[in-house]
Amino acid sequence: MPSALRQDLHAARSRDPAARTVLEVALTYPGVHALWAYRATHWLWTHHFKLAARWGSSIARLFTGVEIHPGATLGVGIFIDHAMGVVIGETADVGNDVTIYQGVTLGGTSLERGKRHPTIGNRVTIGAGAKILGPITVGEGSRIGANAVVVGSVPPDSVVVGIPGRIISRTKPRPDTTHQDIDDVLMPDLVGLSLQSLANRVDGLETLAGTQREERHVRPPESGIWSGEDFSI
C-alpha cells in the first residue's frame, strides 16, 4: 500500500501543471485524499470488515466529494483532477495511470448482483462529466470526451464523444501525456465539421444555380476548429 500511495501522489504532481510541490499535493488535493481513503477502506473490505469499510468511504465522501465504493478495484498512478462529483461503483475496475476529471460516473445499469460496472484500461483519460455505464470495457489508451455517455465497449486507443458515445477515429497518434501540445489533444468538433459539410453543399447548389453569394454567414475554417466569429447572429 505505501508504494501505491506514493504513486498516486506523484501522478497528481506530474499531471497537474498547477501543482508546485509534492507537499502541496499531499495537503490540498481532495482527489489524492479520496484515493488514499479508498486504499484504506479497500483493505478493510477485502479483509471482511465490510461495515467499517463502507463507513470509512462515507466519511471520505463528506470530506472529498468523491464516492469510491471500497469493493471497486483501482490500479496505481490514478489522478482524479478537481475531484468533486466523481462516483466509482462497487464492481468497477480501473487500470493504472488513468486520469479522471470532475463529475465522472463509473456506474451500473442493472440491479442484478455481479459485475455491473465498467472496466477501464490503462492510461485512459475520462473527461469532465462523462458517464461510463454498465459492465463494458474501455480499452487502454482511450480518451472519453467531456459529458459523453458511454454504454458500449470501446476498443483500445479510441476517442469517444457525444450522447450516446460514438467512437471517432484519431487523426494523430495518441499524445504523450507528459509533453502535450494543444494541437495534439484537441478532439474533433463534430458540430463544426457538420456545419462545414453543410456550408460546402450549399455552396455547390448555389454554384449550380448561378446565385453564389460573395459572403457566407458561416465560414468553415480549414483547420476544422471553429471560433465564435464564425457565426453571425
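3J(HN,Hα) along region 110-120: 9, 9, 6, 6, x, 5, 9, 10, x, 10, 10 Hz, from the Karplus curve 6.51 cos²θ - 1.76 cosθ + 1.60 with θ = phi - 60°, whole Hz, x for Gly and Pro. Under 5 Å between amide hydrogens, built in the peptide plane, is the criterion, and for Val94 it picks out Thr73, Leu74, Gly75, Ile120 among residues at least 5 positions away or on other chains. Summing Lys and Arg as +1 and Asp and Glu as -1 over all other residues whose Cβ lies under 14 Å from the Cβ of Ala53 gives a net charge of +2.
A cut-off of 5 Å between modelled amide H atoms, ignoring neighbours fewer than 5 places along the same chain, links Thr137 with Thr119, Ser153, Val154. In order along region 143-159, the phi-based Karplus estimate (6.51 cos²θ - 1.76 cosθ + 1.60, θ = phi - 60°) of 3J(HN,Hα) comes to 10, 9, x, 4, 6, 5, 10, 10, 10, x, 4, 10, x, x, 6, 9, 10 Hz; Gly and Pro are listed as x.
None of the figures in this text is laboratory data; all of them are computed from the coordinates on show. Bear in mind the structure is a predicted one, so any value in this text is a computation, not a measurement. All Cβ positions, glycine included, derive from the backbone under ideal geometry; neighbour counts span all protein chains shown.
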